[in-house]
Amino acid sequence: MLDILVRYAHFIGIIVLSSALFAQHILLKAEINQQQLKQLKVVDRIYGVSAFIVLLSGLALLLWVGKPAEFYAKNPVFHVKMTLFVVMAALSLAPTLFLIKQKSQTSQVIQVPKYLLHIVRFESLLLIAIPLAATFMAAGFGLK
């Protein structure tokens with residue numbers, strides 16, 4: 001039963017993370033107002049919490065309830081998947097830091113650097129690649 005709950009938490013975390021990233025992409029524009037800034041901050045928190053849930057449940061699958069750790073440790077596809085997740089997490093810091101820096105912003109219109117939208121789009125691309133790597137890994141690729 002624990003195995004099922006951990007896998008469920010992992011899937012829900014991934015779904016919420018995907019939704020938050022999509023919402024961030026929709027809300028992030030060249031210029032945003034204070035209301036949009038507040039919405040982006042909420043979405044960013046949801047994104048962070050869901051990424052943490054994905055990480056914790058993924059670690060639980062790796063260490064306690066999933067396949068033996070050796071299955072993952074010896075599989076290069078698993079390492080690709082984890083690298084994609086870490087790169088995605090590192091990239092997500094840029095929008096988060098931008099939003100934190102806007103705390104004292106009082107102007108009605110806030111200029112958003114164009115590179116932030118590119119980062120969010122690249123994160124989305126990585127997010128699309130992660131389940132592909134997981135599918136290959138589950139099928140045994142990398143172990144043969």
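The values are calculated or read from the model by the stated rules, or taken from the named source; none is laboratory data. These numbers were taken from a predicted model, which means no experiment stands behind them. Every residue, glycine as well, gets a Cβ built from its backbone with ideal geometry; the counts of neighbours run over all protein chains shown.
A compact table of results
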{"item": "Test for residue 97: is it without any contact (Cβ under 8 Å) to a residue 12 or more places away in the chain and over 27 Å from residue 140 (Cα atoms)", "result": "yes"}
{"item": "Given (1) closer than 16 Å to residue 119 by Cα; (2) loosely packed, with under 14 Cβ neighbours inside 10 Å, index of the condition residue 15 fails", "result": "(1)"}
{"item": "Selection count where residues are of a type outside the set (A, V, I, L, M, F, W, C) and modelled with pLDDT under 95, scope segment 82-110", "result": "8"}
{"item": "Search result, residues across segment 24-37 that are polar (S, T, N, Q) and loosely packed, with under 12 Cβ neighbours inside 10 Å", "result": "35"}
{"item": "Of all residues making up segment 98-124, the number that are assigned to a helix (DSSP H, G or I), surrounded by 12 or more Cβ atoms within 10 Å (Cβ to Cβ) and among the aliphatic types (A, V, I, L, M)", "result": "5"}
{"item": "Residue in segment 135-142 that is modelled with pLDDT of 90 or more and outside any loop (DSSP other than H, G, I, E, B) present", "result": "yes"}
{"item": "Every residue from segment 38-92 that is surrounded by fewer than 17 Cβ atoms within 10 Å (Cβ to Cβ), in a loop (DSSP other than H, G, I, E, B) and touching a residue at least 24 places away in the same chain (Cβ under 8 Å)", "result": "74"}
{"item": "Residue count, segment 1-19 (criterion: in a helix (DSSP H, G or I), out of contact with any Ser or Thr (no Cβ under 6 Å at 6 or more places or on another chain) and without any contact (Cβ under 8 Å) to a residue 40 or more places away in the chain)", "result": "6"}
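For (1) under 16 Å from residue 96 (Cβ atoms); (2) at pLDDT 95 or above; (3) under 17 Å from the mean Cα position of the chain (by Cα), each residue gets a yes or a no:
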| position | (1), (2), (3) |
| --- | --- |
| 26 | no, yes, yes |
| 34 | no, no, no |
| 47 | yes, yes, yes |
| 52 | yes, yes, yes |
